Every structure is written in C-alpha cells, then in structure tokens.
Amino acid sequence: MTHAAAPTTRSVVDDLLRRIAEGDPERIAARYAERTDWRLSWPDDEHGRPATPWIRHRATRADVADHYRALAAHHLPTGAGTRIERVLVDGADAVVLGEIRQTAAPTGRPYRARFALHLTVEDGLVVRHHVYEDSLAVARAFAD
C-alpha cells in the first residue's frame, strides 16, 4: 500500500498565494482548516469598524471566505497588487514578507502597506494565519 506524500509547507503556501492572487474567496478558503487561528495586528478596539469590516479575528473556513469578499468589496481593483519579497519556511511554519498596494473604495485613496504573514500548515491546510501590517497606512486611506 502506498501513501500519497503530504504536501510541504512551502507548496501549500505557494498555492495559497496563487489562490489569493486569483481572487476567488471560496478557493482561497479551501486551503484553510475548518477551524483556523486568524489574527490581525490591529488594536482590538479598531476591529470591525464600518470603514474596515474585514479587519477582525476569524475562526472558521467560512470566515476566511468572508474576509476576502469584504476585502474586495471595500477596495477598487485598479492599481491593486501584492509584491512578495520573501517566503521563509521552518517546518510547519512559514513567514511571507511583502507589500500590498490597494485603493480604498469609499475615499479613492491609494495606499501601500508592508506586511509579514505568519502561516502554520498541518495536513496540507493552513491552521494559523497571523498578519502584521502597516495598519496606519490602511486607516489613513479609509479615514473620512
């Protein structure tokens, strides 16, 4: 009897980044475990504000899909992009370093935000997603 080899952390992260670039929330969410430890480095009292409702902690695969739908709904597609500078892998953990470029839909203000994304992969699925980003740049772009 042969067993299929489990995907490596690097291959799961590479596939996740491709799915994020493609922009289909359901396909992105399928790369996550049903229960996921999802944290954002924003102050808790800033989570879920009307201008930035996607910024909040998440716990399920359905929450992940909702995050990407809300993110798309609050940004303009023009000028959007992500530059991945480095992916560092150590066992089940990976850190993705880069910069996002977005334009806030309500204000029309473009912004750039540097980020570090810490992912943990178990059995081919992401079980931890912790984002550390330039929250000030995002907040300024959405400020009235």
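The values are calculated or read from the model by the stated rules, or taken from the named source; none is laboratory data. The structure displayed is predicted, hence computed values, not measured ones. Neighbour counts are summed over all protein chains in view; Cβ atoms, including those assigned to glycine, are modelled from backbone coordinates with ideal geometry. Surface areas here come from the heavy atoms of the whole protein model, side chains and all, with no ligands, DNA or RNA. Shrake-Rupley method; radii C 1.70, N 1.55, O 1.52, S 1.80 Å.
Computed quantities for the displayed model
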{"read-out": "Sequence-distant residues sharing a close amide H with Gly98 (under 5 Å, placed H)", "value": "Glu85, Phe115"}
{"read-out": "Rg/Rg_globular for the chain, with Rg_globular taken as 2.2 N^0.38 Å and Rg from C-alpha atoms", "value": "1.06"}
{"read-out": "Coil-residue chymotrypsin sites (Phe, Trp or Tyr not before Pro) of the stretch 1-79, DSSP, other Cβ within 10 Å capped at 12", "value": "none"}
{"read-out": "Solvent-accessible area per residue, Å², over the chain with all protein chains present [probe radius 1.4 Å]", "value": "55"}
{"read-out": "Built amide H within the under 5 Å cut-off of Asp134, gap 5+", "value": "Arg114"}
{"read-out": "Phi-based couplings in Hz for the stretch 106-114 (Karplus 6.51, -1.76, 1.60; Gly and Pro marked x)", "value": "x, 10, x, 7, x, 8, 10, 9, 6"}
{"read-out": "The stretch 47-78 versus the stretch 6-30: alpha-carbon centroid distance in Å", "value": "17"}
{"read-out": "Calculated from backbone phi, Karplus (6.51, -1.76, 1.60) coupling profile of the stretch 128-140 in Hz, x at Gly/Pro", "value": "9, 9, 10, 10, 10, 9, 6, 5, 5, 4, 5, 4, 5"}
{"read-out": "Nearest-ten-degree value, helix 9-22 long axis tilted from longest Cα axis of the chain", "value": "40"}
{"read-out": "Total formal charge among the other residues, if their Cβ is under 15 angstrom from that of Val138, Lys/Arg +1 and Asp/Glu -1", "value": "+2"}
